[in-house]
Amino acid sequence: MANQYFENSEDLEHELKTFDFTLKGHNLKFTSDSGVFSRQTIYFGSRVLIEAIDFSNVPQGDILDVGCGYGPIGLALAKDQTSRQVTMTDVNLRALDLAKKNASANKIENVNIFESSIYDKIEDKYALIVSNPPIRAGKEVVSGIIAEAADHLLPSGEVWIVIQKKQGAPSAKKLMKLTYGNVDVVTRDKGYYILRSKLQ
């Protein structure tokens, strides 16, 4: 069975790839590798999520990127919101190592990057939690990312999720409505839904 991006495989050969990408008006340099999610370029759903996030109603406070991969979402938001600290977590150690190197390459210092399975090692509360959830890890993981975010949000904090319609956007929307009492479809693009809920 092929290695999955949410698993760790020490013996997987490296295939480093470096490219530039503009996100939220900032030109960023990324290095990816084999064994990480969307290694060829920034995943389309992640790009839609990054560009859709509007901070005008997000309270003061820090940001958490759950399942950060090699870092596009968290690093783009850290570059854009320099007064906020951005925590980035994943279970893929190779991806985390790349995320740290990508933060350094882009001179982004307002980040804290470490290994955590969903919220296992998360102790703080955040103004914003974002995720492009690992669909292939299964519904239990995706549902956990969505529902358990409530325990880690500041008052009026927001959770933003990107998910394809065919990969469960309708059920994710229902879960967010059930958990938070509200959910907005912020945007839809090529089957990708950007969903937002606010902690009441």
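The values are calculated or read from the model by the stated rules, or taken from the named source; none is laboratory data. Source: prediction; values computed, not measured. FYI the Cβ positions are ideal-geometry reconstructions off the backbone, even for glycines, and counts take in every protein chain you see. Note: areas computed on protein heavy atoms with side chains; ligands, DNA, RNA excluded. Shrake-Rupley method; radii C 1.70, N 1.55, O 1.52, S 1.80 Å.
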Residue list for the stretch 127-141, filter: open to solvent by less than 20 Å² (accessible area, probe 1.4 Å), outside any loop (DSSP other than H, G, I, E, B) and under 12 Å from G67 (Cα atoms): I129, V130, S131
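Conditions (1) more than 16 Å from I129 (Cβ to Cβ); (2) crowded, with 24+ Cβ neighbours inside 10 Å; (3) touching a helix residue (DSSP H, G or I) at 6+ places or on another chain (Cβ under 8 Å); (4) of a type in the set (V, I, T), marked per residue:
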| residue | (1), (2), (3), (4) |
| --- | --- |
| G35 | yes, no, yes, no |
| Y43 | yes, no, yes, no |
| L49 | no, yes, yes, no |
| P59 | no, no, no, no |
| D65 | no, yes, yes, no |
| C68 | no, yes, yes, no |
| I73 | no, yes, yes, yes |
| L77 | no, yes, yes, no |
| Q81 | no, no, yes, no |
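Could we say that S117 is modelled with pLDDT under 95 and surrounded by fewer than 24 Cβ atoms within 10 Å (Cβ to Cβ) here? Quick ask: steps written out before the conclusion?
Details: modelled with pLDDT under 95: yes; surrounded by fewer than 24 Cβ atoms within 10 Å (Cβ to Cβ): yes.
Here the answer is yes, as S117 does meet what is asked.
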